[in-house]
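One structure is given here, and the rest of the page talks about it.
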Amino acid sequence: MDTHAEHFAVFQPQSAGAAAPPLRIYRGRPGLLGEQLAEALDNPELLEGSWELVHTFAGPAADTDDAVRQLSGASLRFDRGNLIEAGAWRILPLSGFRTN
């Protein structure tokens, strides 16, 4: 599995009684891995300087299929097979990301 990318879509599956954050897209410095983004999301000090939030969707993604549906409305390509499950986070490396 390739976890290298410039952009990553990030979401947390919704759990009973807890509000999940919205689906977001981050851009990382060259060479950073999706697993490193998960670590940075758990420790916001690591986000600063290494990761840039480039897009936030209107709502959370309930699961991977919901994240894929939301992403399909944007002008991007991604390989669903590269889903990274890291703690509470689900991360999809994106290839060729650009906004409409």
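At a glance:
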item: Residue that is modelled with the highest pLDDT [pool: residues in the range 75-100 that are among the aliphatic types (A, V, I, L, M), assigned to a loop (DSSP other than H, G, I, E, B) and surrounded by 17 or more Cβ atoms within 10 Å (Cβ to Cβ)]; result: LEU83
item: Count - residues of the range 5-58 that are surrounded by 14 or more Cβ atoms within 10 Å (Cβ to Cβ), of a type outside the set (A, V, I, L, M) and modelled with pLDDT under 85; result: 4
item: Every pair of residues 6+ apart whose Cβ atoms lie under 7 Å, when the first sits in the range 3-31 and is among the acidic types (Asp, Glu) while the second is at pLDDT 75 or above and open to solvent by less than 30 Å² (accessible area, probe 1.4 Å); result: GLU6/GLY28
item: Scope the range 36-50; condition under 13 Å from GLU85 (Cα atoms) and without any contact (Cβ under 8 Å) to a residue 40 or more places away in the chain; matching residues; result: GLN36
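The values are calculated or read from the model by the stated rules, or taken from the named source; none is laboratory data. Not measured: the values here are computed from a predicted model. FYI the Cβ positions are ideal-geometry reconstructions off the backbone, even for glycines, and counts take in every protein chain you see. Ligands, DNA and RNA are stripped out before the accessible areas are found, and what is left, the full protein with its side chains, is counted by its heavy atoms. Shrake-Rupley method; radii C 1.70, N 1.55, O 1.52, S 1.80 Å.
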